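Since the structure comes first, as structure tokens, the remarks are kept for the end.
The values are calculated or read from the model by the stated rules, or taken from the named source; none is laboratory data. Owing to the predicted nature of the structure, the values given are computational and were not obtained by experimental measurement. So basically every Cβ, Gly included, is an ideal-geometry build from the backbone, and we count neighbours across all protein chains shown.
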Amino acid sequence: MHVSFSENIPAIETSIGYTFKDKSLIIEAITHKSFANENPATVSFFNERLEFLGDSVLGLIVSDYLFCSYLEYSEAELSKVKAYAVQENTLAEIAVKLDIGSFLLLGKGEDATGGRQKPSLLANAFEAILGAVYLDGGLNSAKVFVLGFLKDKITALILHGLLFDFKTRFQEIVQEQYNMLPKYVVHKETGPDHIKTFEVEVFIGKEKYGMGKGRTKKEAAQGAAEEGLKKLEKTEKL
């Protein structure tokens, strides 16, 4: 059973890490259309307008962060990261961790059919809350709110090579530019067998172009290839 929101504004503010000056904004942000439809005499608003605003604010914040933080990435690569950061599953996962579902004001039918667990509904609610934070505290408050949840996710995604296949891209460029394949060499293995760390170096001919570390050889090779790409971009002006 969800908590009574009227008695728990401090609870949701604690959960999301933001205290509203205008409490009506957070009430609107967690009010679903189904609740407003069932209570037309007392509720004249729901969160779709805030969701619309939050979606745009989210895109701006993530784009600005990526543009300033990953200077070596192309437009296509930045777009891939952004798409991951703003996708429904990512936002719904954050909403679950913040327990947003328990605070939503839903119609009886929506509630009965599992609305509090629906990824689309949760993602929309997160965007609505972001829109409310933006209106209440401005862009800086919205940045703190968003990046507090997304920065580590983006960093982990990139560091572990879960988005880009750097090896494939590096190989394609090396073949095109040098008519040869890059060579990967395991330079070092450290740690016990169950938590080994690998260092892999990548060469073009006899010249080392990059080194990467990882818990697996594959992960380390991806890091080496990423370094290799950066060096190629500097030396070849790709």
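Quick grid of which residues meet (1) over 28 Å from A36 (Cα atoms); (2) touching a helix residue (DSSP H, G or I) at 6+ places or on another chain (Cβ under 8 Å):
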site	(1), (2)
D55	no, yes
S63	yes, yes
E77	yes, no
A112	no, no
L121	no, yes
Q. Would the stretch 59-75 turn up any residue that is outside any helix (DSSP H, G or I), over 21 Å from I26 (Cβ atoms), of a type outside the set (D, E, K, R) and at pLDDT 85 or above?
A. yes
Q | D99 out of contact with any strand residue (DSSP E or B) (no Cβ under 6 Å at 6 or more places or on another chain), in the same structural domain as V144 (by TED's automatic domain parsing), in contact (Cβ under 8 Å) with a residue 60 or more places away in the chain and at positive phi | A | yes
Q. Can you name the residue in the stretch 99-113 that is surrounded by fewer than 19 Cβ atoms within 10 Å (Cβ to Cβ) and within 26 Å of L150 (Cβ to Cβ) and, of all such residues, is modelled with the highest pLDDT?
A. D99
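Residues checked against (1) crowded, with 20+ Cβ neighbours inside 10 Å; (2) in a helix (DSSP H, G or I):
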{"site": "I12", "(1), (2)": "yes, yes"}
{"site": "I27", "(1), (2)": "no, yes"}
{"site": "N37", "(1), (2)": "no, yes"}
{"site": "F46", "(1), (2)": "yes, no"}
{"site": "R49", "(1), (2)": "no, yes"}
{"site": "Y84", "(1), (2)": "no, yes"}
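Rundown of residues vs (1) free of Cβ contacts under 8 Å to residues at least 24 places away in the same chain; (2) touching an Asp or Glu at 6+ places or on another chain (Cβ under 8 Å), yes/no style:
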position	(1), (2)
D136	no, yes
A156	yes, no
L181	yes, no
V185	yes, yes
K208	yes, yes
G212	yes, yes
Q: Please report, ordered by residue number, the strands (runs of 3 or more DSSP E) entirely within the stretch 153-238 with at least 2 residues that are touching a Pro at 6+ places or on another chain (Cβ under 8 Å) and surrounded by 13 or more Cβ atoms within 10 Å (Cβ to Cβ).
A: 197-204
